[in-house]
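Read the structure below first, then the notes.
Derivation of every value follows stated rules applied to the coordinates shown; laboratory data play no part. Everything numeric here is computed off the predicted structure, so don't read it as measured data. Positions of Cβ are generated from backbone atoms using ideal geometry, with glycine treated the same way; all protein chains shown enter the neighbour counts.
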Amino acid sequence: MAFIRATIHFLLTVKFGVVLMLALMGVMMFATQFEATYGTRAMKSLIYGSIWFDLGVALFVVNIVTNTLRRRPFKFRHTGFLTVHTGVLIIVFGGLMTRWFGVDGTMPIPEGEASREISLPDSDIRIAVGDELAVYRTEYELRPSEADHDDLFEVPDTPYLLQVSKYFPSGAVMDTLMNDSVAENPMIRVAVGGTGEPAGDWLSALDPVRNTIAGGGARVTFVVPAGLDALRKRWERPEEDAAEESRSAGHLQLVWSDGRAESIHVPMHSAEPIPTSREGVSVEVSQVFRSFTLTEEGHADAVGSPANPAIRFQIHGPHGHEDHFSFTAFPEFRRTPPDGEEWILSHAVWEPDPHAFHDHENLEVAIVQEAPERFVTYTSWGDPTDGMPVTVGETRSFPSRTVMLRILDAADHGRLSRTVRKVSDEVIRPVIKVELMERAGDDVRVASPVNWLRGRPAVRPADVTPNEAWVFHGENYVFDTPAGPVDIAYKGDTIPLEFGIHLDDFREERYPGISLAASFESHVRVQPDGGEEFPERIYMNHPLIYQGYTFYQASFQRTPSGEEITVLSVARDPGMTISFFGYVVLVLGLILIFWVKPYFRKLDDRIARSREARQGVTT
């Protein structure tokens, strides 16, 4: 009994209160780092939602109240510590208000779509059979690095069980090219673009629906040799347009090393060397750049930016070969010849025709397969590269065009295998792989074949049987069984909003030369019910605050198909104002303790000494 009284007395001392306060502060600092690594739900469940943290906060409150009441009866000199203790209690109360009534969730929004609800961190597996519904709380988000599971859940009123075998914190449906089709089916995977993010997709030469891709200002079509004739007929232009073939790309002013100069006309499409006034000397144009830029793979043409016109050309003559660049914006630029060589060209000035690229949006490219992994390209404007071979992994840039093409993969007997893969360790778009099982006595086995009935996406992944399905968070799938439809939903609690957030455009800027994002932002439209829409821009440290909710730019995801999804962190903190008021009271109490109280103490000492001095004089 004496030990219990001594323990209680120690727990209620000021020293223990200070130690407990420092310990709670350390836990909260650790929780911030823990959340960054394991996510909000794991942090709340394992730290702020734990019993030991609740007991620590409760004991801290009791300690403060007890030590405050021990000072009774209160006097004026107690004002400072009473104010400090009151401020701490107000801060704790504000934190409890945030925990009980606050909102902390996310809002993933694909580009071009809108959302009207907040997704909370908690997740459930909901199994419905007829009017029966079973809800099972999951904790996969607490261990996002664990992919393999073998959890079993009862399916109500049926002999079935649902097994969860996989969990990815962020998954995406991906297509893999398989070279095992029974029939011959030429397929390639291409990337088309300029210096930005290229458009990429699988193309099938025998499928008129899936043999074309657009990107970088061009339309690329994969055809068998017989299909090239049909494309060429479509590319034919009337005779009056034939003059377009010789239209000007610009004029190149050549300044020779002896001081003489001349201007030559550079046609838009010319594979032949251009003669000069010097005997035996000609100019061969390699590429005309609408906007020159440098990439990891070398020089390239930037799509949609006419800011840096340039030309690359070679001088051929009896003296040998010279390789030159000329930039319109930097006419003083000139290359230095290699050691031991002397060039006959001093420098050049490039004057592009302002109308030279007006047709770049209409460029069409045909890829024709000549042999396994060997292809040739043809263009609607007859580029000099027409008929030149291109192999898998090779990049083809078209002279006078803002287009770059790369063939990434190829198969003669192609078949797309659709599966779901993990794309990130961050909890953005969780997905689980489920399998319908059945009881066989004391054993559990794979259920007899059922129909994979419906759900999203409509195309069933190729790595699942009819008894299996990938279920993304917020979606559901239905198995058709002899016991009736079994509806499987993987959802979390959501909070509906009285307004919508529509993502008009997601923008990302990367550090030069690497794929690391330097900054990213969301251009959205707020869509109030019954009100007028208005645009907003959300980026780092500039959230959107509307109707008590704060929307922060948290992260983003880019799916293998190129779809961009912004992830907004959404918070509503009713205890924030209370906590701020508590901090004001706390600071006021500290001022009273460390400045006001010492001042009055010195003033009292001064008054006392003055009284003693007067009494001495009187005596």
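List of remarks:
- In this simple spin-label approximation, S519 and K75 carry label points 7 Å from Cα along the Cα→Cβ vector, and these lie 6.0 nm apart.
- Positive-end ranking of G320, P309, S277 along the dipole of the stretch 248-352, with charges on Cβ about the Cα centre, is headed by P309.
- Relative contact order of the stretch 248-352, pairs being alpha-carbon contacts under 8 Å that are 6 or more residues apart, as %: 28
- Proximal aspartates and glutamates to K422, defined as alpha-carbon separation beneath 19 angstrom and excluding residues fewer than eight positions away on the same chain: E139, E141, E146, D148, D150, D175, E435, D463, E468, E475, E563, E564
- With each label modelled as a point 7 angstrom along the Cα→C-beta vector, the N308-E509 pair spans 1.6 nm.
- Dipole in debye (nearest 20) - the stretch 248-352, about Cα centre, beta carbon charges: Lys, Arg +1; Asp, Glu -1: 320
- Residue separation of R445 and A329 scaled by 0.36 nm, minus their Cα-Cα distance, works out to 34.5 nm of gained length.
- Using only side-chain charges placed at the Cβ, +1 for Lys and Arg and -1 for Asp and Glu, the dipole size of the stretch 41-121 relative to its Cα centre rounds to 880 debye.
- Note that the stretch 248-352, at 37 °C in a medium of 0.692 mPa s, gets a Stokes-Einstein diffusion coefficient of 230 µm²/s from its Kirkwood radius over C-alpha pairs.
- Chain lengthening between D605 and I274 when straightened (0.36 nm per residue, less Cα-Cα): 108.9 nm
- Neighbour counting of Cβ atoms within 10 Å sorts the residues V224, V478, V431, V365, fewest neighbours leading, into V224, V478, V431, V365.
- Full extension of the segment from R232 to E394, taken as 0.36 nm per residue of separation minus the current Cα-Cα distance, would add 55.9 nm.
- Between D157 and E498, the simple label model (points 7 Å from Cα in the Cβ direction) yields a spacing of 3.8 nm.
- Structural descriptor for the stretch 125-183: relative contact order 27 percent, calculated from alpha carbon pairs under 8 angstrom and at least 6 residues apart.
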